[in-house]
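Dumping the structure here so I can ask a few things about it.
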Amino acid sequence: MNDTNGKGFRIFGFQRVGKTPIVPLSVKILTVFVLLILISTLFTNFITLIFTQRQTIALTDDILVYQLSDMYSTASSQFQISLYSQKQDDSVQTIKETAARDFTKKHSVAMGVFPDGKFLFLIQADSNKSWDAFDDKTALDFLNNTKTKADESGNSDRVEGSVTFMSPYGAEFRGVFKYHPDWKCYLIRAEDTSDRKAEMFSIYLKIAIIILILTIGFVFVGISVLNKLLSNIGKFTSEVYELQQSQANENAEPAQVTRAPIDLSGAPNDDITYLAANFNDLYVNTANLRNIFQKFVSKNVVDTAYHDHKVELKGEQRQLTILFTDIKSFTSRTEVLGNDIIRLLNIHYNSIIGIIQPGGSSDVNQSKAFIGSLIGDAVLGVFGINGEKKEENPQKSVDAVSCAWKMTLQTKKFRQKMDERKADLERIGRFNSEARKVYEAVRLDIGVGIDGGEVFYGNIGSNMYMANTVIGDNVNSASRIEGLTRVYRLPVLVSEYVKNEVESVPEAAERYEFFEIDTVQVKGKAEGKKIYFPLDRQMKDEDYANSYTEERFRDFEEGLKAYYKGDWKTARAGFKRSDLDVAHVFLERMGLKSAPAGWNGIWTMTSK
């Protein structure tokens, strides 16, 4: 998988979901384990080296004592020789040669130091260092004090011990000394402490390198073993990630049967598998509850509850488009069908709900419409909920008009099926009076009214029970406009708000042409409201295309203009030329009368 568009990917077991890195559990376990082992091993070896260093110092002192003893014996014999030969320089040179044979370190040193700090001799392994006198006064005082105490205690032949001193160039030396009474000086054999530290560091470095090499080898072995032991974790993680990606699609249709996301076939019976099995059970139960929940409330409420983990009592003013559709003559159908009316309603709802709400059988609406409520045989659709609060979103009205025509055509197809069923019954002679009543009852027809504007959208009720709804004059207006479809014998009617929004979208303006039908004053309102018929120029249904032509509506418009002006004689002529059902409504309304006195062109409705 690639990292494009926030998708996950895997490289050597590592995964990234969006911008969040997912580190494999085996890597975490192995990293912690390796770090602990490394720290423990290195610390243990460091402590071991510290103790070893102490033993090394003691052993080195023993060696230096042995070498000093050899140098002391040589000094004693050379003193006697110098007395005989009177060649002191040759004797001192012999002592230096004897001491130099025992040098094993880079900065080994041997010397004869008089009590005043002057050298009888000085021999160094590093000949580049110059040393004119024994300048460490503290160390020299220590040597002299040791001799004084030995003299006072009668042990003049036992002036010996260990000594630490500093060279003129800042190096620290540690060694052993012994006072030689013949030469009247301190014979000292010493080593630079930095040589000892360098050796210890070299040993520690070699051990650390060996440990690291072995650790790297064990890491690869550990990765192989842990990957086998934890192989199911990577598999489970991938399946859960795929589940997460599928849930990110808000328009996905709820599944009829929820499948467990993690495949446990072949998984070992360990605690990880047990955890995955419990996750499957929890997910299936939660998904089923969500699917059931979504069937009873609007989808956006479900999405809010799912993503925010809560639903609050709150609302806001929004610019929305409201669609209201109702079954015509529903009461009389109920009287004929009885309890079977529920089956008929379910068939009807199953065909039109998917048209309004995304995830159904129709194309997904750009405005994310949802079902606001089901009120008996009526459906309230809400469009534009995904738009910004104050941002214009004319597409919502385009979607509403498109849905209105789709529902109208879908209902017509259902009527055609009933007509075919009637023809079958007539052919076999079983279409009696009872069958006719049922046929007329199930031959559904609907009206669709659409209005829009600023409404209250949100959750109302209490903390114990609440409902997601839309409230406002425009919601009521959509219901009243739907009622006018029965009056004007048209399948779809819209308000001027909807007309203006649709015409502001270029593609929609080319497809839909709006013809003014009337200006009505509904009950409870003081002003008239214009209503329009949205003619679909791309109508594929031949019956509607032949009935609702632009030419016939042009004639109707001419009649309507004369009707508004009070010239009802001219209006009758236009309406007769139109010959639309809605034109006959006006002809029946006017009769042979003239416009009443004070006529303003507004028709007042006496019922809602």
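Each reported figure results from applying straightforward, stated rules to the coordinates on display, with no laboratory input. If you're wondering where the values come from, they're calculated on a predicted model, not measured in any experiment. For neighbour counting, all protein chains shown are included, and Cβ atoms are generated from backbone atoms with ideal geometry for every residue, glycine included.
In whole angstrom, note down how far apart the Cα centers of the range 140-215 and the range 470-490 are.
That distance is 109 Å.
Please compute one quarter of the surface area of the Cα convex hull for the range 552-608 and express it in square nanometres.
Working: hull surface 16.0 nm².
One quarter of the hull surface, i.e. the mean projection, equals 4.0 nm².
Using r as the Cβ-Cβ distance of D340 and K569, and R0 as 41 Å, what FRET efficiency do you calculate, to the nearest 0.05? Mind dumping the intermediate values first?
Values: r = 51 Å, r/R0 = 1.23.
Approximately 0.20, to the nearest 0.05.
Considering amide H positions built from the backbone, and no H for Pro or chain starts, which residues 5 or more places from C185, or on another chain, come under 5 Å of its amide H?
H180
Hey, got the dipole for the range 403-447? About the Cα centre, +1 on K and R Cβ, -1 on D and E Cβ, debye to the nearest 20? Intermediate results must be reported in sequence, preceding the final value.
Working: 12 positive and 7 negative charges, 25 e Å.
Computed about the Cα centre, the dipole is about 120 debye.
Taking R0 as 22 Å, what FRET efficiency do you get between R489 and A435 from their Cβ-Cβ distance, rounded to the nearest 0.05?
Computed FRET efficiency for R489 and A435 comes out at 0.20.
I would also like to ask the following. Just tell me which aspartates and glutamates come within less than 20 Å, Cα to Cα, of K137; anything on the same chain fewer than 8 places away is out.
By straight Cα distance, K137 reaches D116, E160, E172, E191, D192.
Using θ = phi - 60° and the Karplus relation 6.51 cos²θ - 1.76 cosθ + 1.60, list the HN-Hα couplings for the range 336-341 in order, rounded to whole Hz, with x at every Gly or Pro.
7, 8, x, 5, 5, 4
Near the amide H of A133, under 5 Å away, which other amide H atoms are found, from residues 5 or more places off or on another chain, if H is placed in the peptide plane?
Result for A133 returns nothing.
Separate question: State the three equivalent ellipsoid semi-axes of the range 520-590, derived from the C-alpha gyration tensor as the square roots of 5 times its eigenvalues, in descending order and whole Å.
23, 17, 10
Obtain the nm distance between the two label points defined at F33 and E392 by a simple spin-label model: each point lies 7 Å from its Cα along the Cα-to-C-beta direction.
6.6
Divide, for the range 483-608, the radius of gyration over alpha carbons by 2.2 N^0.38 Å, where N is the residue count.
Numbers: Rg = 14.8 Å, N = 126, 2.2 N^0.38 = 13.8 Å.
Taking the Cα Rg and dividing by 2.2 N^0.38 Å, one obtains 1.07.
Applying 1/(1 + (r/R0)^6) with R0 = 30 Å to the Cβ-Cβ distance of E97 and T164, what FRET efficiency is obtained, to the nearest 0.05? Write out the running numbers ahead of the final one.
Details: r = 26 Å, r/R0 = 0.88.
With a Förster radius of 30 Å, E is 0.70.
Take every Cα pair under 8 Å in the range 466-599 that's 6+ residues apart, average their separations, divide by the length, and report that relative contact order as a whole percent.
Working: 154 pairs, mean separation 25.1, N = 134.
Reported as a whole number, the value is 19 percent.
Among A562, G574, N600, whose Cα lies farthest out toward the positive end of the dipole of the range 546-608, if unit charges sit on the beta carbon of Lys, Arg (+1) and Asp, Glu (-1)?
N600
Within the set of other residues whose C-beta is less than 15 Å from the C-beta of E588, count the net charge using Lys and Arg as +1 and Asp and Glu as -1.
That sum, taken over residues with Cβ under 15 Å, equals +3.
If I stretch the segment between I428 and S373 completely, what's the gain in nm (0.36 nm per residue apart, minus their alpha carbon distance), one decimal?
Values: separation 55, 0.36 × 55 = 19.80 nm, distance 4.22 nm.
Contour length minus the Cα-Cα distance gives 15.6 nm.
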